[in-house]
Structure formats: structure tokens, C-alpha cells
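Chemist: Handing you a structure now.
The values are calculated or read from the model by the stated rules, or taken from the named source; none is laboratory data. Just so we're clear, the structure is a prediction, and the values are computed from it rather than from any experiment. All Cβ positions, even for glycine, are placed from backbone atoms using ideal geometry, and neighbour counts span all protein chains on display. Surface accessibility is based on the protein's heavy atoms, side chains included, excluding ligands, DNA and RNA. Shrake-Rupley method; radii C 1.70, N 1.55, O 1.52, S 1.80 Å.
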Amino acid sequence: MKRVIVGLSGGVDSSVAAYLLKEQGYEVIGLFMKNWHDDSVTISDECPWLDDSNDAMLVADKLGIPFQTVDLSEQYKERIVDYMFDEYKKGRTPNPDVLCNREIKFDVFMKIALELGADYVATGHYCRKGTIVKNGKALYQLLAGADGNKDQSYFLCQLSQKQLAKALFPIGELTKPEVREIATKLDLVTADKKDSQGLCFIGKVRLPEFLQQKLKPKEGVIVEIPKQLKAYHTNAPSFDSKEKQLEYSAKRVEYAITDGTVVGNHQGAHYFTKGQRKGLGVGGTVEPLFVIETDVVENVIYTGQGKNHPGLLKTTLFVTNEELHWIREDLTLAIGESMSVKARIRYRQTLENAIIYKVSKGLFVEFENMQSAITEGQFVAWYLDDELVGSGVIS
């Protein structure tokens, strides 16, 4: 009998995942990951991980499966929290959820599971796994979840063949309402539980306060850049190669305070992210202000009015070789090659037509349509039909 260790998070999705595996005849063990124990930064009136681990225990009890808790807070701090601070310091916007899957659930946690004799590790993600055989070798596919509304393949965009080989996604074929229905029928304590918000496993953390522990507040100015800025209206030169044209369209606009008007103050450029609208505290504009760029060196936030401000829109982004990842290593592009794909630059975004181009320094993603707030540090993921084949950090 194959043994599966399921990451029970105390939510409805992983509860139903455990149940389905048991029904399929696996020997199932539930493991709760405790990833945080500094209560000073969660919202004080509740201790989410305690409630969650309790719910996970009740679910395991109800399903009649063994249950234990593992404390991964040290690795979580090292690999996720420190990475977040580091990225914010660089003026990039990290994605802890993608990292948490690559570094914690499918690495640290997976190693523990394999030591406990598991054949597989399962999670409650809305995605599916496919297997194809190519040149006599099994290749694993990461496929979108059947519930288009809840597809979570994006969060797993950094997994490797080795990790996918050992992964199971039992609820990938179901929709969220179907999952809730199963949980209700089984009378699981998690049946009506709201979906968790906040960082991967830490619970409801207020990000600015969390960041403030490491990144001290530092007052700076908020500058509004007009849509008429000359940099937005210069005609592109002619290029002698596709690569030069891509380089040109992927380039960030360099702003100076003199390009616009000072409209307010902020407490630290590293607390803000491109495309952000809330928290600027500047009123009186015709259209709402959006962050179009942050300068962490000079500690300036550049903003523009309206979601169609030219400072927010671009077609092209770049991924360096160091931050380029192929789930389907057999599809890796050689220098000079290109591929038509569907791509997204954030979770929940509908897939957009794009072409990826491999160059010596990395890979360009050129979208058919303008994209809003392409944010450095976030992940771009590209798909062939409903299969996620590769991803990278936007540089």
C-alpha cells in the first residue's frame, strides 16, 4: 500500500484531499506545518496557526488517520521571511506563496515526508498532474485545475520534475463548491471555513508592520508624473535585431523628481509596490493615483493618475538566466529560439497571448497586449494550453 503524507493546513481543501486519498486506497498520514511562532506581528486577537492546527487535528481524527505537527519555523524564517525582506530592500516585490511551495512544502516538508517512508506528498492545491512518456522517459506535467475560477497552478510554477514526481493533487479535478459539498457531507469542521488570507502559513499579518521590524520607516516624497511626460511619447528608434527591440521595450523609465510634482509624503519607498493604489494618502486628484515606480535608493515613490497611465503599461519583460526555470526541461529554448505561449504575471490574471524569446543573458516575454504594473520580483509563468511549462522572476 502506497503511503501519502498530506499537508493538512486546517483548511477545507487539504481536508478533502486527505479524504479522497483515503478513498483511493492510500495509507494517509496528516502533517501540519507550523511555520511561524512570533505572535507579535499577527493580528493580536487570534492565533491563527493554533486554530488551524486544531482544525487539522479534528479533521484527521474524523477521517481516522494519524496526525502530527512539524515545526518548520526556522526554515521558514530563513528561506521565506529573510528572502522577503531582502527583496523589499532591493525595491522588488516578492511572492512568498510561490517560494513557500518551492522551498517549504515541496522541499523541507517533502524531505520529512520521505523520511517517514512516504511515496508521495499531497496538498490541497487546485491543479492537476499529468504524466507523458518521451524517449522512454516519464515526464511530469503541471496542469491547471479543473476549476478555472480557482486554478492555483501559478503558485507551483517553480516546482521541478523531481518534486512533481512525488506530488499528488487530489482535488485538482474538482471545483471549490464540490469540495465544500464533500466536506459538508462528511461533517468536517472545516466545511464552511473561509479561505485563508495572508502569507502562506503565517496567518493574518499586516505587511507594513511586518516589514517595519526590519526595514525602518524613512520619510520621502510622493511625486505625480503627468501622462504627457516626454519619455512616454518618443518614437522608438529602428532596431537591427529583435533582441535590441525587446531590450528597448522592456526597459524601465528612469524618473527624476523634476519630471513631476511633489504631492505628498510617505514612510518608506520599500513599503510600496508597483500598481498599488491604496495607502498613498493623497487625495484631490481627478483619477486615483497609482504607484508607477519606486526608487528605494533615493526613497521616492512615483505615481500617475488612472489605471491607464502610460507609466503602468508595458508589453515586454525580462528574466535572467539565474532566475529562469523550466518545469518541462525538455522544452527549454536554445539561444535564438522563440515559442508562442499563454502567460500571466500574477495569480488570478487571465492568460494572455505572448511570445518568449531566448537570448544569451536570459529570456524576454513579449505580450500581444499591454500589461499593467509588470512588477520586478514577481513571477511570470507561461503555459502551452493548460500546462504550465516554465516560469521566472521578473527582473
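Chemist: State all residues of region 251-283 that are crowded, with 19+ Cβ neighbours inside 10 Å, at pLDDT 95 or above and not in a loop (DSSP other than H, G, I, E, B); if no residue qualifies, say none.
Modeler: His266
Chemist: Still on this structure, please answer the following. Which ones in region 234-246 are open to solvent by 50 Å² or more (accessible area, probe 1.4 Å) and in contact (Cβ under 8 Å) with a residue 40 or more places away in the chain?
Modeler: Of everything in region 234-246, those that are open to solvent by 50 Å² or more (accessible area, probe 1.4 Å) and in contact (Cβ under 8 Å) with a residue 40 or more places away in the chain turn out to be Lys242, Glu243.
Chemist: Considering only region 8-27, state which residues are open to solvent by 10 Å² or more (accessible area, probe 1.4 Å), outside any helix (DSSP H, G or I) and of a type outside the set (Asp, Glu). Please lay out each step first, then the result.
Modeler: Looking only at region 8-27, we keep the residues that are open to solvent by 10 Å² or more (accessible area, probe 1.4 Å), and these are 9, 11, 13, 19-20, 22-27.
In the following step, the residues that additionally are outside any helix (DSSP H, G or I) were identified as 9, 11, 24-27.
The answer is Ser9, Gly11, Gln24, Gly25, Tyr26.
Chemist: Please count how many residues of region 90-108 are in a loop (DSSP other than H, G, I, E, B), over 18 Å from Ala381 (Cβ atoms) and open to solvent by less than 50 Å² (accessible area, probe 1.4 Å). Spell out how you get there, then give the answer.
Modeler: Our first condition is that a residue be in a loop (DSSP other than H, G, I, E, B); within region 90-108, this holds for 90-95.
Still in the list and also over 18 Å from Ala381 (Cβ atoms): 90-91.
The next check asks that each one be open to solvent by less than 50 Å² (accessible area, probe 1.4 Å); those that pass are 91.
Of the residues in that region, 1 qualify.
Chemist: Could you tell me how many of the residues in region 128-138 are under 26 Å from Val12 (Cα atoms) and either open to solvent by 50 Å² or more (accessible area, probe 1.4 Å) or free of Cβ contacts under 8 Å to residues at least 60 places away in the same chain (or both)?
Modeler: So the count comes out to 2.
Chemist: Looking at region 219-233, which of its residues are open to solvent by 100 Å² or more (accessible area, probe 1.4 Å) and either among the aromatic types (Phe, Trp, Tyr) or under 25 Å from Glu87 (Cα atoms) (or both)?
Modeler: Glu219
Chemist: Can you pull out every residue in region 307-329 that is in contact with a Leu (Cβ under 6 Å, 6 or more places away or on another chain) and under 23 Å from Ile132 (Cβ atoms)?
Modeler: Selection gives Leu324, Ile327.
Chemist: Something else about it: Is it the case that region 322-337 has a residue that's open to solvent by 50 Å² or more (accessible area, probe 1.4 Å), basic (Lys, Arg) and modelled with pLDDT of 95 or more?
Modeler: No, region 322-337 has no match at all.
Chemist: While we're on this one: Can you find a residue that is touching a Ser or Thr at 6+ places or on another chain (Cβ under 6 Å), at pLDDT 95 or above and either small (Gly, Ala, Ser) or farther than 20 Å from Val98 by Cα (or both) anywhere in region 345-357?
Modeler: yes
Chemist: Right, something else. Taking region 294-317 only, how many residues are in a strand (DSSP E or B) and surrounded by 22 or more Cβ atoms within 10 Å (Cβ to Cβ)?
Modeler: Final tally of qualifying residues: 6.
Chemist: Quick one: Asp386 ticks every box in (1) open to solvent by 40 Å² or more (accessible area, probe 1.4 Å); (2) of a type outside the set (A, V, I, L, M, F, W, C); (3) free of Cβ contacts under 8 Å to residues at least 40 places away in the same chain bar one, so which box is it?
Modeler: Failed condition: (3).
Chemist: Sort out which residues of region 309-359 are within 20 Å of Glu376 (Cα to Cα), more than 21 Å from the chain's Cα centre (by Cα) and hydroxyl-bearing (Ser, Thr, Tyr), and write them in order of number.
Modeler: Passing the criteria: only Tyr357.
Chemist: Tell me which residues, restricted to region 139-171, are open to solvent by 20 Å² or more (accessible area, probe 1.4 Å), small (Gly, Ala, Ser) and touching a residue at least 12 places away in the same chain (Cβ under 8 Å).
Modeler: Of everything in region 139-171, those that are open to solvent by 20 Å² or more (accessible area, probe 1.4 Å), small (Gly, Ala, Ser) and touching a residue at least 12 places away in the same chain (Cβ under 8 Å) turn out to be Ala146, Ser160, Ala165.
Chemist: Give the residues of region 68-79 that are surrounded by 16 or more Cβ atoms within 10 Å (Cβ to Cβ) and either more than 21 Å from Gly10 (Cβ to Cβ) or among the charged types (D, E, K, R) (or both), sorted by residue number.
Modeler: Scanning region 68-79 gives a single hit, Arg79.
Chemist: State whether the residues of region 80-89 include one that is touching a residue at least 12 places away in the same chain (Cβ under 8 Å), surrounded by fewer than 19 Cβ atoms within 10 Å (Cβ to Cβ) and in a loop (DSSP other than H, G, I, E, B).
Modeler: No: zero hits.
Chemist: Quick one: how many residues across region 162-197 are over 24 Å from Phe106 (Cβ atoms), among the aliphatic types (A, V, I, L, M) and within 22 Å of the chain's Cα centre (by Cα)?
Modeler: Adding up the residues that qualify gives 0.
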